[in-house]
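Data block below; observations after.
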Amino acid sequence: MNVPPQASGHLPWPQWAYVPGDAAGLDADYVTLDLAKALVPPAFRGYVPARHPALRYGLALNDRGYFWESQEVLEAVWAAAPQGGRERILLRACIQIANANLRLRMQKAHSAARLFGDALAELRALTSRKAAPAGDGFVESFPIPVLTAQLQAKLGRPQPSKADWIAISAIVRS
C-alpha cells in the first residue's frame, strides 16, 4: 500500500469539536476531516497498518475531545479495512467508543453505556478469533486487554458521566 507524500505531514486539528444538536449551531469542520480521509486508500491489502496516518489521526482526535470527528475518520479507515478482518472488529469498537464519548459530552449516559457495552462485545469477539502472525497491523500492535479492562471498569459504575470518557490512542504502543 502506498501512502501519499502528504501523509507524512502534520494534519491540522479541526477548528472546533462538533456536537450534534449543540446550541451554537456550528456544522462540522468537514474541510479538515477531508484532509485525513483523503489519506485512506480505497482498500487496505491484508491489514490496516498501525502507523497509518489517518488511523493515528482518528485515534488522536478522540483523545483530544473531537469525538464526532474521530468517528468520521475511523469510519473511513474501517470502510477500507479488509472484509472479515480482525482490524474491522477493532475499528468498530474504537468507533463505538468515540460515539460513546460523544454521548457522554451530550449528557446521554444511558446511550453511552450501551455503546461502551457494544465496544466491549466487539473486543470479546476479537479475542475469540484466531490471531494472525505478528506484524505491523493495527490489531497486532493494539493492547486489547487494556482497553477491555477500561471498558469493564466504566461499565461497572452505576452511570457514566462526562468525566468517564475513554482515551484510545493513549494506550496504543508506539
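Tell me, which residue of segment 19-49 that is part of a loop (DSSP other than H, G, I, E, B) and at pLDDT 95 or above is most open to solvent (accessible area, probe 1.4 Å)?
At the first step, the residues of segment 19-49 found to be part of a loop (DSSP other than H, G, I, E, B) are 19-29, 38-48.
Right, trim to at pLDDT 95 or above and you get 38-44, 48.
Working: Ala38: 64, Leu39: 6, Val40: 24, Pro41: 23, Pro42: 131, Ala43: 62, Phe44: 12, Val48: 0 Å².
Among them, the one singled out is Pro42.
So which of Ala167, Ala149 ends up being exposed (fewer than 15 other Cβ atoms within 10 Å of the Cβ) and of a type in the set (A, V, I, L, M)? Even if it seems obvious, please write down each step before you answer.
On the way: Ala167 fails: exposed (fewer than 15 other Cβ atoms within 10 Å of the Cβ).
That would be Ala149, the only listed residue that is exposed (fewer than 15 other Cβ atoms within 10 Å of the Cβ) and of a type in the set (A, V, I, L, M).
Counting just the residues of segment 110-124 that are among the small types (Gly, Ala, Ser) and surrounded by 18 or more Cβ atoms within 10 Å (Cβ to Cβ), which one comes out farthest from the chain's Cα centre (by Cα)?
Step one: filter segment 110-124 for residues among the small types (Gly, Ala, Ser), giving 111-113, 117, 119, 121.
Right, trim to surrounded by 18 or more Cβ atoms within 10 Å (Cβ to Cβ) and you get 112-113, 119.
Values: Ala112: 15, Ala113: 17, Ala119: 11 Å.
Once the filter is applied, the top-ranked residue is Ala113.
Among (1) at pLDDT 95 or above; (2) more than 27 Å from Pro41 (Cα to Cα), where does Ala79 come up short?
(2)
Please go through (1) in contact (Cβ under 8 Å) with a residue 12 or more places away in the chain; (2) out of contact with any Ser or Thr (no Cβ under 8 Å at 6 or more places or on another chain) for Gly84 and return the number of the only condition it doesn't satisfy.
All conditions pass for Gly84, except number (1).
May I ask you to list the residues in segment 76-105 that are under 19 Å from Lys37 (Cβ atoms) and under 8 Å from the mean Cα position of the chain (by Cα)?
The answer is Leu91, Arg92, Cys94, Ile95, Ala98.
Within segment 50-64, take every residue that is in contact (Cβ under 8 Å) with a residue 60 or more places away in the chain and within 17 Å of Leu104 (Cβ to Cβ) and give me the one that is most open to solvent (accessible area, probe 1.4 Å).
Here the residue is Asp63.
The values are calculated or read from the model by the stated rules, or taken from the named source; none is laboratory data. If you're wondering where the values come from, they're calculated on a predicted model, not measured in any experiment. Using ideal geometry, Cβ is built from the backbone for each residue, glycine included, and neighbour counts are taken over all protein chains shown. Note: areas computed on protein heavy atoms with side chains; ligands, DNA, RNA excluded. Shrake-Rupley method; radii C 1.70, N 1.55, O 1.52, S 1.80 Å.
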